[in-house]
Amino acid sequence: MSVPLPLEEGELLGNPQVAWEAHGEPSDGKAVVLLHDLSHSHLALGPVEAGAYQASGWGREFIGPGKVLDPTETPLLVLNLLGSPFGSTSPVTVDGATGDRLGPAMPGLTVLDMARAVSAGLRAHGLQHVRALVGVGLGGMVALRLAALFPELASAVVAIGAGRSLPEGLREKLGLTAQVLRMDPEFQEGWYGPGNGPRKTMRKLRLDFLKLVHGRESLRHRHPERGGAQAALEAEADSFAETFDPLAWALLCSAYAGCDLADCLPRIRSRVLLLASATDALAPAARVRDTYHLLSAAGAPARFHELQGVADHGALLADPRPLRGPLQDFLQRR
């Protein structure tokens, strides 16, 4: 983008970039826009990465011929959220003026800022109107915020595992991420070198987060051998700490924790589908149902569907069968 992006907290982000990947041929009025979750990238179909932590490939069971979203029938545009270290402007972005990474000079972001960046990315692709915005977790919040910001942009919005806000205890915990990282001597006020920084603290933070994302029963099912679940979580936490930039993680967690969409929901005019799992710790069904009631009270044509057979937030896209019926039925309606 050649135009600076005004941020909610008052700063201007110069020359912001939004990475993307297209599946099919997205065109105005026909494209479905897909927005990823907190620690994922826009590379929904891969490639397979070397470590246990996989930022990419989260949509392999979800996207493809004959799957829930078929690009041969519904062209997709997957956008990388602002602040993500996988191609969009973030603390790892090199400042063209100095040749250094933005690092701690990167201003704070909110879900509104991410929504504005998505809007600018759509305009750059010549998309003035889209068939649907589909978001997962944090991406679901961004999709809802974008629909409130530009009520005519999307015919429909699908939020998977996302409500108006995170549960209060989790908001407080994620909101402390930056403070916890700053307490690690290896943080060096954010001026650590590439591949360095507070790895031990990042590992601990990720391990705590994974225990929320993956339910105990789901872990036991996937790793039935004794100690297998804990070993798998620790391997992913190790890989994550070596891969994900700490400043970017703090930035994204702060935006996620600080988001409450209650006041903007009445401005949504798109059809809305909220998909939730009863055992999702990040978006409990009761909280998503509350979001549905707020939308309905404001006159938005909203639907709520509690998914069956999904054990936790981390499994939302791993087994697409519970999603297929309600999502395809919703998208096919006009």
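What follows draws every value from the coordinates through simple rules; no lab data is involved. Every value quoted in this text rests on a predicted model; they were computed, and no experiment measured them. Quick reminder, even Gly has a Cβ in these numbers, built from the backbone with ideal geometry, and neighbours come from all protein chains shown.
For the range 197-225 and the range 26-68, write down the distance between their C-alpha centroids in whole Å. Here the answer is 22 Å between Cα centres. Rounded to a whole number of µm²/s, how large is the Stokes-Einstein D of the range 104-186 at 10 °C and 1.306 mPa s, given Rh as the Kirkwood radius over C-alpha pairs? For the chosen part, D equals 110 µm²/s. Straight-line cross-link partners of residue 211 among the lysines, defined as a Cα under 20 Å from its Cα and at least 8 positions apart when in the same chain: 173, 200.
Antiparallel beta bridges, as assigned by DSSP with both residues in the range 1-131, represent about 60 percent of the total such bridges. With contributions of -39500 (n - 2.57) from each DSSP H run of at least four residues, the per-residue ellipticity at 222 nm computed over the chain stands at -10500 deg cm²/dmol.
Counting charges near residue 313 (Lys, Arg +1; Asp, Glu -1) among other residues having Cβ under 9 Å from its Cβ returns a value of -3. For the chain, the antiparallel share of DSSP beta bridges with both residues in that region comes to about 20%.
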